[in-house]
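The values are calculated or read from the model by the stated rules, or taken from the named source; none is laboratory data. All of these numbers come straight from a predicted model, not from anything done at the bench. Heads up, the Cβs are rebuilt from the backbone with ideal geometry, glycines too, and the neighbour counts pull from every protein chain shown.
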Amino acid sequence: MQNKNILIVEDENIIALDIKNRLNNLGYRVTDIISNGEVAVNKIGDICPDLIFMDIRLNGKYDGIETAKRIRADYKIPVIYLSAYTDDKTLNRAKKVTNPFFYLQKPFLEDELKEAVQKALQGGT
């Protein structure tokens, strides 16, 4: 499983680099870090990740939910949402619009990260 490619869509550089380092330590390859939803949508075909970590709150035209929706319209890539915001309205919108595999609330433990990645790459089982 470790040879899987992971894309991080996160607009806070320090958080994105922390996630990348944690994933690398677990043996996963981070193919790219993108800070903008529109850029992620436009580059997804070139990156071809096996999994996407998506911040729910992104700056720019598309938030993380809209970005995931647009990507999932053309690709069957599992999404793990990252957010410091876990209000019911936001989570329900994310669930209804994109049916993500998992949510990780920031900050999260490395064991939570590892479990979420393993389950998402196995199809959510």
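Pairs please, first residue from the stretch 2-14 and farther than 16 Å from VAL79 by Cα, second anywhere and exposed (fewer than 14 other Cβ atoms within 10 Å of the Cβ) and small (Gly, Ala, Ser), Cβ atoms under 6 Å, 6+ apart in sequence or on different chains. Between residues of the stretch 2-14 that are farther than 16 Å from VAL79 by Cα and residues that are exposed (fewer than 14 other Cβ atoms within 10 Å of the Cβ) and small (Gly, Ala, Ser), the close pairs are GLN2/GLY27.
Within the stretch 34-58, track down each residue that is in contact with a helix residue (DSSP H, G or I) (Cβ under 9 Å, 6 or more places away or on another chain) and surrounded by fewer than 19 Cβ atoms within 10 Å (Cβ to Cβ). Hits for the stretch 34-58 are SER35, ASN36, GLU38, GLY45, ILE47, ASP50, ARG57. Taken together, ASP50, ASP74, ASP88, ASP46 contain a single residue that is of a type in the set (Asp, Glu) and under 11 Å from the mean Cα position of the chain (by Cα), which is ASP50.
Among the residues of the stretch 108-125, which ones are in contact with a helix residue (DSSP H, G or I) (Cβ under 9 Å, 6 or more places away or on another chain) and exposed (fewer than 14 other Cβ atoms within 10 Å of the Cβ)? Correct list: GLU110, THR125. Does THR31 fit the bill of being among the hydroxyl-bearing types (Ser, Thr, Tyr), touching a Pro at 6+ places or on another chain (Cβ under 9 Å), closer than 18 Å to LEU7 by Cβ and modelled with pLDDT of 90 or more? Yes, satisfied. For the stretch 59-90, the set of residues classified as buried (at least 18 other Cβ atoms within 10 Å of the Cβ) and within 18 Å of LYS106 (Cα to Cα) consists of ASP63, GLY64, ILE65, VAL79, ILE80, TYR81, LEU82, SER83, THR90, listed by residue number. Taking the stretch 1-104 and the strands (runs of 3 or more DSSP E) fully enclosed by it, the elements with 1 or more residues that are among the hydrophobic types (A, V, I, L, M, F, W, C) and in contact with a Gly (Cβ under 7 Å, 6 or more places away or on another chain) are at 5-9, 51-55.
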